[in-house]
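Here's the structure we're looking at; comments come further down.
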Amino acid sequence: MSTPRIVVIGAGVTGLAAALRLREHAPSTDVVVLEAAPRAGGTVATERSGGFVAEIGADSVITEKPWALALAARHGFADRLIGTNETERRTYIVHAGRLHPLPEGFLMLAPTSLWPLAASPLFTLGGKLRMGLDLLLPRGRDRGDESLASFVRRRLGREALERVADPLVGGIYTADPERLSLAASMPRFLDIERAHRSVILGLRASATRATRGAAGARYALFVSHRDGMGGFVDEMVRRLPHGAVRLGTAAEAVERTDGGWRVRAGGETLPADSVILAVPAYAAAVLLRDLDAELARDLASIDYASSATVTLGFRAADVRGKLTGFGFVVPHAEDRPLIAATFSSRKYAGRAAPDFELLRAYVGGARRPELVDRSDGELIDAVRGQLRELLGVAGEPVLARVDRQRRAMPQYVVGHLDRVATIERRTAALPGLLLAGAAYRGVGIPDCIRGGEAAADTALERRPTHSSPNSSSG
């Protein structure tokens with residue numbers, strides 16, 4: 001009897017999670033992970049230079065979604081995860097050229113406590129009263145898929161959208177909230193309105209339940225690996241068999257056979273019982289266009305945004321007293337080139353050598369895509385100008401680098417879940433073919449891990465119990 005084989009295309013977090021799950025639940029399965037790039041991790045990577053630990057992609061894992069923490073615990077590296085520096089736990093919002101602290105108790109879209117809101121200079125009296133009106137408004141009627149902007153305006157008013165929801169959510173999705181689907185991106189708030197009528201009352205109730213249920217070890221809301229998020233990726237790779245991940249090997253074609261699949265890659269043909277496509281939707285579309293042209297069109301219709309990060313290292317003496325908190329976000333209405341800035345060395349320990357500070361600024365996204373194409377020098381100058389104006393940072397950086405993430409963030413526009421449901425129905429008609437990744441039902445690292453693991457579970461459920469028909473390499 002031949003050994004069952006499953007080919008995973010893509011060695012980002014999703015593909016690695018799928019491969020680990022396959023090895024956990026079916027150790028005898030031959031798992032092959034193909035990655036076109038020279039390294040694993042996809043958009044997640046960490047670079048070290050001169051005592052600085054610079055993140056190229058995501059710098060954190062959110063702990064409210066359990067899948068990343070669970071994977072780390074199962075594979076024995078949870079002790080290498082670190083929480084945020086709670087003494088610096090504050091986020092600022094730019095308004096009228098100044099940084100204002102986000103009021104205590106504000107959770108993404110809405111306040112949970114009215115006293116900090118009342119004292120905040122971030123909103124006008126009218127804006128505060130409009131947010132409080134959420135306590136009295138009835139539930140909204142069923143509107144189908146609603147944009148995040150529409151929901152926040154309806155429940156909490158224009159200022160809540162423009163000054164808080166827009167920059168906080170825009171910083172996560174690099175998206176336009178007028179197009180962003182609430183059901184696809186923030187379904188929790190839709191559920192809260194249905195269950196509690198008032199978003200404020202629902203968030204309060206959720207916070208109370210979370211406090212009462214807290215027991216045992218507690219993580220911060222965000223965690224990272226002590227070596228940077230690239231360290232998280234390295235932990236995953238190390239737990240796979242040597243040679244399972246084939247770097248610099250692009251999948252060129254995915255084809256059906258009489259009893260299974262085969263993947264052409266690197267001048268070789270790999271037979272497979274199942275294939276998991278853990279690549280961006282546009283890359284999956286190219287591989288599947290000859291199998292199902294309509295499925296490929298649906299995949300290609302998922303938009304992606306590009307962004308760039310500008311990472312700057314400073315001597316601490318040059319920025320002392322200026323970098324407080326975790327960083328700041330910038331509302332689109334401020335008309336600035338920045339989306340946000342993170343004070344990395346304040347957020348996590350070990351991100352800069354003693355007597356130095358590290359920060360990252362984000363530019364581009366769905367609403368300013370042209371910025372990504374500016375030269376490194378132009379982007380560095382633009383960010384330094386903003387830091388000088390907003391923070392008074394005038395020192396010369398000892399580290400300056402620009403990293404671009406082109407077509408890296410899928411855009412969950414209104415109607416996204418209907419499109420995904422159609423994609424999933426068409427994919428189900430191709431037994432043994434699975435899709436997973438940020439393009440479908442969640443963009444964060446925990447979501448990608450959950451999607452990769454679910455694809456692996458499905459592949460194992462459909463695995464043939466007899467010897468594989470794909471015994472040739474033809």
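Go over the candidates Asp418, Asp335, Asp373 one by one and state the one that is of a type in the set (D, E, K, R) and touching a residue at least 24 places away in the same chain (Cβ under 8 Å). Spell out the reasoning first.
Working: Asp335 fails: touching a residue at least 24 places away in the same chain (Cβ under 8 Å); Asp373 fails: touching a residue at least 24 places away in the same chain (Cβ under 8 Å).
From the options Asp418, Asp335, Asp373, the qualifying one is Asp418.
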Note to self: Tell me whether region 264-276 contains one or more residues that are buried (at least 16 other Cβ atoms within 10 Å of the Cβ) and in contact with a helix residue (DSSP H, G or I) (Cβ under 6 Å, 6 or more places away or on another chain).
What the structure shows: yes
Notebook entry, point to check: Within region 298-311, is there a residue that is more than 29 Å from Ala250 (Cβ to Cβ), touching a residue at least 12 places away in the same chain (Cβ under 8 Å), outside the structural domain of Asp176 (by TED's automatic domain parsing) and assigned to a strand (DSSP E or B)?
Noted result: yes
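Would you tally the residues in region 148-184 being of a type in the set (S, T, N, Q), buried (at least 21 other Cβ atoms within 10 Å of the Cβ) and modelled with pLDDT of 95 or more? First the steps, then the outcome.
Initial filter on region 148-184 (of a type in the set (S, T, N, Q)): 150, 174, 181.
Now narrow it down to the ones that are buried (at least 21 other Cβ atoms within 10 Å of the Cβ): 174, 181.
Those left that are additionally modelled with pLDDT of 95 or more: 181.
Of the residues in region 148-184, 1 are of a type in the set (S, T, N, Q), buried (at least 21 other Cβ atoms within 10 Å of the Cβ) and modelled with pLDDT of 95 or more.
For region 367-404, what are the residues that are part of a strand (DSSP E or B) and under 22 Å from Tyr173 (Cβ atoms)? Talk me through it step by step, then tell me what you get.
Start the filter on region 367-404 by keeping residues that are part of a strand (DSSP E or B), which leaves 399-404.
Val402, Asp403, Arg404, listed by residue number.
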Checklist line | Residue identified as crowded, with 18+ Cβ neighbours inside 10 Å, in the same structural domain as Ala316 (by TED's automatic domain parsing) and modelled with pLDDT of 95 or more among Val420, Val383 | finding: Val383
Next item on the list: Kindly check whether there is at least one residue in region 59-74 that is of a type in the set (Gly, Ala, Ser), under 25 Å from Gly243 (Cα atoms), crowded, with 19+ Cβ neighbours inside 10 Å and not assigned by TED's automatic domain parsing to the domain that holds Pro354.
Entry: yes
Next item on the list: Return the residue satisfying two criteria in turn: it lies in region 312-366 and is assigned to a strand (DSSP E or B) and charged (D, E, K, R), and of such residues it is nearest to Ala58 (Cα to Cα).
Entry: Arg360
Check: Checking Ser150 against (1) part of a helix (DSSP H, G or I); (2) over 29 Å from Tyr412 (Cα atoms), which single condition isn't satisfied?
Finding: (2)
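Look through Arg407, Arg425, Arg419, Arg450 and report the one residue that is within 20 Å of Pro177 (Cα to Cα) and part of a helix (DSSP H, G or I).
Numbers: Arg407 fails: part of a helix (DSSP H, G or I); Arg425 fails: within 20 Å of Pro177 (Cα to Cα); Arg450 fails: within 20 Å of Pro177 (Cα to Cα).
It is Arg419.
For region 270-297, enumerate the residues that are in a strand (DSSP E or B) and of a type in the set (Ser, Thr, Tyr).
Ser274
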Next item on the list: Determine whether Gly105 is in contact with a helix residue (DSSP H, G or I) (Cβ under 8 Å, 6 or more places away or on another chain) and over 29 Å from Asp227 (Cα atoms).
Entry: yes
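The values are calculated or read from the model by the stated rules, or taken from the named source; none is laboratory data. These figures come from a predicted structure and were not determined experimentally. Please note: Cβ atoms are built from the backbone with ideal geometry, for glycine as well, and neighbour counts cover all protein chains shown.
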